[in-house]
Amino acid sequence: MEDIQTWLREGWQEFTYQQGELCCEEVSLNHLAREVGLPFYVYSSRSIREAFLSYKEGFGDQKHIIAYAVKANENLSIIHLLRQLGAGADIVSVGQLYRAQLAGIPGHKILYSGVGKTDREIRAALEAGILFFNVESEEELVRISQISEEVQIRAGIAIRINPDVDPKTHPYISTGMKEHKFGVEIPAAIELYRRAEADPWLEVRGIQCHIGSQITEPSPHREALERVLMVRAQLSEMGIETRYIDLGGGLGIRYSEEEPPAPAEFVRGLLEIAGGLDVSWILEPGRSIVGNSGALVCQVLYRKEHGGKHYTIVDAGMNDLIRPAIYEAFHPILPVCQSDQPDHRIHTEVVGPICESTDQFAWDRSLPPLEQKDLLAILAAGAYGAAMSSNYNAKPFCPEILVDGKEWRLIRRRQTIEELVAFEREFLAEA
Ligand code: LLP
């Protein structure tokens, strides 16, 4: 891990040291901490824009929809920023549908994924005029057809095939192998297409697969595409046309020493395999759009030596960023004030205040010596950071800030203690 510490002397993507202070684009994190308190999330809009435009560049003049996977970061201002660039949305709940609609994403650019869509969600999505549902079981297909008839709106559908491809990523975030709950195996998927084609309330629009997340090499997506193309050809022989090919999300980012391709390169690699096919392409990227744009900024509360280890206790916890706790995920950590003795380092366990042993951000991490009240930035936290945060231990959700050059905007304020109990308050009188 020493290598990564060396690069980190300069900073991380849009997080760089300027006059000794870590800045997001041109805004100092110290300044933001004074304005909004700690801890907080901060995102670089430049980084989000660049990632999105790189996908767009890869597609060139091929018909496509870049359907941002809202689950990666659900903040309305971020969805709105992406909508302004032309993004669609991949959603998995009625809550995300509402978010996408508030951000102005039109129904015809929205896809609905997920293995467990409820009646209410199916109805809302039909009424919103979404492009299609990514269907994951026979019973779901039947239910969508029944609800379509009830509301008298035909449903666009794609079947999510399970291509049985090893995505070579963390087992908890791989989804496209036989043993996973996701998708439909190829022979069964073909049967579902036959059934959908014959159903007057269903309109077959596409074919979809999503094999996992944080995939840093090109071969798994390529293999998945080859299988999708095979199924598509077979369907075509049966007279079933799939106008859209949706390959899901999954492109990884750099957290430490990974070297994933840029989105443009990734897309070009896929298009090459398809060899000029006349289809509309869809991707559902989440992490690769927002992951490297964000940092969680927190403060050192206390330090202690104990059991032969040095601990740095900070004011953010697994309630704010759960990835290290549940996936042992590595996130780079930088002091907000640049060390004046970069070669003098300690090895420390960076932990949060939550009453769980897994409430930890880093194990045996090499950092400059830290004092109480020093600020730390936990980087590459723009995806599955705030989106997976919780109120565990009755900790309020922290604020989120979006930076653009020298400007910054509070895009979510800190939740109040009163709001934490708001859903329960109305029942207090009866107690
Ligand atoms: N489409 C579908 C159907 C998905 O399930 C996902 C992610 C995406 C697209 C977006 O994938 P991405 O481009 O972000 O890799 N919480 C985990 C990641 C879970 C991903 C779930 N599905 C983490 O923090 O690593």
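Every number here is computed from the coordinates shown, using simple stated rules; none is lab data. Everything quoted here is computed from the prediction, not taken from an experiment. Please note: Cβ atoms are built from the backbone with ideal geometry, for glycine as well, and neighbour counts cover all protein chains shown.
Annotations
- Prolate/oblate/rounded label for region 305-418 (Cα gyration tensor, a/c 1.5): oblate
- 0 to 90° range, to nearest 10: angle between helix 45-59 axis and the chain longest Cα axis: 30
- DSSP beta bridges in the chain [antiparallel fraction, %, rounded to 5]: 50
- Computed over neighbours whose Cβ is under 9 Å from that of LEU76, the net charge equals +1, Lys and Arg +1, Asp and Glu -1.
- Cα pair count fraction exceeding 21 Å, expressed as % - region 25-132: 44
- Within the listed set GLY114, GLY212, GLY317, the residue fluctuating most in the Gaussian network model of the chain (springs between alpha-carbon atoms under 10 angstrom) is GLY114.
- C-alpha long axis of helix 186-197 to longest principal axis of the chain, angle in °: 60
- Cα-derived Rg over Rh, computed across region 136-261 with Rh taken as Kirkwood radius: 1.03
- Of interest is the spacing of the C-alpha centroids, which for region 73-116 and region 280-342 amounts to 26 Å.
- Entries of LYS71/LYS168; LYS71/LYS109; LYS117/LYS181 with Cα pairs more than 20 Å apart: LYS71/LYS168
- Cross-link partners of LYS304 among lysines, defined as those whose alpha carbon lies under 18 angstrom from its own and excluding same-chain residues fewer than eight positions apart: LYS373.
- Per the Debye formula on identical point scatterers at the alpha carbon atoms of region 106-196, with no solvent, log10 I(q)/I(0) at q = 0.10, 0.17, 0.23 Å⁻¹ is -0.27, -0.73, -1.11.
- Net +/- balance of residues flanking SER148 in space, Cβ distance below 9 Å, scoring K and R +1, D and E -1: -2
- Dimensions of the chain along the principal axes, based on C-alpha atoms and rounded to the nearest Å, stand at 69, 61, 43, largest first.
- Relative contact order (%) - region 45-290, alpha-carbon pairs under 8 angstrom, separation at least six: 23
- When peptides 218-228, 245-255, 61-71 are ranked by their average number of other Cβ atoms within 10 Å per residue, the highest-first order is 245-255, 61-71, 218-228.
- q = 0.08, 0.10, 0.11 Å⁻¹: log10 I(q)/I(0) that the Debye formula gives for region 45-290, counting C-alpha atoms only: -0.27, -0.43, -0.52
- Radius 9 Å from Cβ of PRO39, net charge of other residues (Lys, Arg +1; Asp, Glu -1): -2
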